[in-house]
Each structure stands twice: as C-alpha cells, then as structure tokens.
Amino acid sequence: MEPGYIILFILMIAALVFDLYSHREEKEITLRNAIGWSLFYLFIGVGFSGYVAYAYSTEWAQLYLTGYALEKVLAVDNLFAFMIIFSYFGIAPKYQHRILYWGILGAIVFRGIFVFLGTSFTAAFGPWALLIFAIIIGWTAWQMLTSDDNETSEVDYKNAWYIRGLRKVIPVTDQTNGSRFFVKVPNAKGKLVWAATPFFLCLVAIEISDIVFAFDSVPAIIAVTQEPYLVYAAMMFAILGLRSLYFVLEALRRVLSRLETMVIVILIFIAGKLGVAAVTELGIEWNLLDLEEPLHMHPGISLAIIMSLLAIGVLWSLFEGKRDTSAMSET
C-alpha cells in the first residue's frame, strides 16, 4: 500500500477513535461543542492538503481542497434530510450523535465503494463517463430547483421499501432501551427474541439517504479530479466532520435559509465544467471563441468559485434574515 493511503487511514482512525471517546456519554450536543469539533475536523481536512502538497504537488493539493470544499457544500442538503429523518422517528437530540457516528462509519465504507466504481467507470469510458456524470449532476440540480419544499417532509419513512423489506427479515419493535439498536421482546409464543428498535430503523433510513446522495457527490468530485487517492481523501475528511456539522446546521437552520440555493448553483457550475471537459476530450467543435487550445480551468479558480458561491449563500441568508427581523419588528 502506498504511504499516502497509510497516512490517510491512520489519521481517519485516530480522529474517529478520539471522537468516539470524547462523545461516549449520551447527552445533547451543544452548539459550542459542535462548532469546536467542526473546527477540529476542518483543521485536519485543510491541514491534510499540506501533506498532499509535500508528498505529491501543489496542484494536487489544490485539487484535493476543491474536492474537499465541494463535498462539504454538497453535504448541506444531505444533513437537512437527516434532520427530517430524526424528527420522523422521534429521536431525541441526546441520542442523535450516536446514530450519526455509526452512519458516518457506514458512509466511509459505501463512499469508498462508490469512489472505486466511479473512478473505474471514468477510466474505462473516459469522456463519455464524464458526460454521463455531468447529466446526473445537472438533473440533480434541476430536481432540487423544481422540487416542492414540503415534498421531503411528507416522505413516509416507516413505510419506505427498505423498512418494509427489513420488517420481513427481522422482528421490529417500538420499544426502546436507551439508544440501543436491538432489544429483546417476547414473540407470539412468549419466547424472547432480538428485535430492531426505532433507532436502528432511523440508522437504516440515514444510510440509504446517504447512499442516494452519494450518486451526486461522487460524480461531482470526479468532475474536479479523476485521481482515486484525491477523490477518496477529499470525501473521507469531509465525511468525518459531518456529525459536528449537522448540529451546527441544525442550530443555524433558519438563519442559513439561502445556503441550499447556492448548493444548486454550485451543482450547475460543476455540471457545466464537467460537460465542457467531456465535450473537449471527445473532440467536438465547441470552441466558439476560436481559441488555439481548449479552455481549461485551473484547480485554484474552481476552488475560488465554489468558496465564493458558498460565501454568497451565507451572506445572502444573513441579509435576508436581518431584513425579515426588521420587518417583523416594524409590524
């Protein structure tokens, strides 16, 4: 195994163990705690770019940072879906971090599989794969743009196909014992059997939701770079900080009302960038500016655009929130 992967896995495992030990008690995560841990993971994620620059190149470090920032931004919509799922299953705030922790472990495994499949698909089909990814990302942006705000909240998670399938395989109970995923309950014959609790059903719903979102985020990062190591490292370090980022977004949900709008704009930007790259590699005459060479966007420019759009989303949200507060005070 390459030294880069060894260092990556060591940092990931160390951060997970430290996080699990620090949050071993079941209590509600405060905003201050969540911000602190978000900064901790941000320090690790951004700091890893220094190693990438030292071990590989500055351009690789820029590509990694762009992919890392992109995954963080795209996670916003995913985390909002998690809030709805927790509310649907009635999971108390003090138990949510435990479910998120196991959800992140599952996301690390599934995202690793998606990265392998995505990069292999790109290597096998080249620009045609990039064109397909561009269509997928563009379609996702269109779905988000035209979807009803109440559509997600109306999802009946308890009767979702994966929950119905789970009920056919193992017993399910409404009983809970702390935050246990399984408890013993008497069956029809009075014999004690293990049954899944609402906590486990919630975990399954979150894992499935994350897999669905992976169909968008993996192609989006592959739009930045097709190097498996950079794609995997960017996704893993972004995922590690999702648990703490969730509690920050939950507290600031009403304040950051326009952040999801910027996520849509970023997806459109990535889809366009990926589409142009695919068309260029296919050799199709698209260059209307009559340039001597095909247009190529520097990784640093991509990173600057994504971060600028994110900043616009935050400032827009704050401005709109301040305006609404002023309007309410006048009335």
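In table form, for the structure just shown:
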item	result
Under 20 Å from residue 191, Cα to Cα: lysines that are on another chain or at least 8 residues apart	168
Relative pair counts by distance (%), Cα atoms of region 60-108, 10 Å bins	22, 42, 25, 10, 1
Estimated FRET transfer efficiency when R0 is 51 angstrom, pair residue 142-residue 5 (beta carbons, to 0.05)	0.90
Computed lengthening from residue 174 to residue 44, 0.36 nm per intervening residue step minus Cα-Cα distance	42.8 nm
C-alpha center-to-center spacing [region 3-58, region 103-148] in angstrom	24 Å
Extent along principal axes [Cα atoms of region 1-90; Å; largest to smallest]	47, 28, 26
Segment residue 311-residue 162, extension gain: residue separation times 0.36 nm, minus the distance between their alpha carbons	49.9 nm
Segment residue 188-residue 320, extension gain: residue separation times 0.36 nm, minus the distance between their alpha carbons	41.9 nm
Tail beyond 15 Å, pair distance distribution of region 213-253 (Cα, percent)	50 percent
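Where a number appears in this text, it was derived from the coordinates with a stated rule and is not lab data. Not measured: the values here are computed from a predicted model. Note that each Cβ is placed from the backbone with ideal geometry, even for glycine, and that neighbours are counted across all protein chains shown.
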